[in-house]
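Heads up: the structure comes next, in structure tokens.
Computed from the coordinates by the stated procedures, all read-outs in this text should not be read as laboratory data. This is a predicted model, so every value here is computed, not measured. Neighbour counts run over all protein chains shown; Cβ positions are idealised from the backbone, glycine included.
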Amino acid sequence: MTKSRNSRITGAGRRTALFLVPLLFFALSTELPIATAVKVKSDASIAQVLASISVKGRAPKTGYTRDQFGPAWKDVDKNGCDTRNDILKRDLVTVIYKSSDCVILSGVLHDPYSGEDIQFLRGVATSSLVQIDHVVALSNAWQTGAFALTLTQRTALANDPLNLLAVKGSLNSQKSDGDAATWLPPLKSFRCDYVARQLAVKNKYGLWLTASEKDAIILILSKCPNQLLPAK
């Protein structure tokens, strides 16, 4: 009786297995050491990107400061607005501006991490309710290869819209510098998008994954075999 019950495979289990087999094959057969890792084209599949990213332990945090990633919210695209306001403009709705199309006074965020609608109101006591999260936290990035990038490259990483989301402030604080193995958005339906974005960022900037981080990502992606990498 026990043998018969253990031998059954549900439809969901079969779908998970069908996704994991090629994913693990790519990951095991094509993994490269960090010294020779190559970035995969942005139109590659998630399995190809995951296989191309090296696996290694976290480097020491020695030398890390926020300043290693350039001035906070630098106007890297030269559009006259700092990066924070660019992301608020992208992610909020019902936006009201101060006096130009840069400084946002208020708006509503549909928080991707919780699913809640959060009112943003600029002010000392209220601005922190909506924060800009580095999807790959800067400290995590430093410890997984960014220490070897140039200041220009690190500044680009810190201000890249691909790596930035407006989110609920308390969840951003809760996440800290966690990776997919230690922190995930409470809204389970967003987790596939979340780890896909982390992969896209790590691929773009040549960063590596830890073993536990990669295992967590594989598990999450097994539930969404058609997940695509974000382009921006």
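Which pairs, out of LYS74/LYS232; LYS98/LYS168; LYS168/LYS188; LYS78/LYS232; LYS98/LYS232, put more than 20 Å between their alpha-carbon atoms?
Flagged as over cut-off: LYS98/LYS168; LYS98/LYS232.
LEU165's amide H: which non-local residues (gap 5+, or another chain) put their own amide H closer than 5 Å, with H modeled 1.01 Å from N in plane and none for Pro or chain starts?
ASP133, VAL135
What nm value, rounded to one decimal, do you get for the distance between SER173 and VAL95 when each label is placed 7 Å out toward the C-beta?
Taking the two extended label points, one gets 2.6 nm.
Which shape class applies to the stretch 75-153: rounded if a/c is under 1.5, otherwise prolate when a/b exceeds b/c and oblate if not, where a ≥ b ≥ c are the square roots of the Cα gyration tensor eigenvalues? Display every interim value, and only then the final one.
Numbers: a/c = 2.62, a/b = 1.52, b/c = 1.72.
Oblate, since a/c reaches 1.5 and b/c is not below a/b.
Would you tally the net charge around ILE96, using a Cβ to Cβ cut-off of less than 13 Å, leaving ILE96 out, and scoring K and R as +1, D and E as -1?
Details: positive: LYS89, LYS98, ARG122; negative: ASP101.
In short, +2.
Taking amide hydrogens as modeled 1.01 Å from N in the peptide plane, which residues meet the under 5 Å criterion relative to PHE120, leaving out close sequence neighbours?
GLY107, VAL108, LEU109
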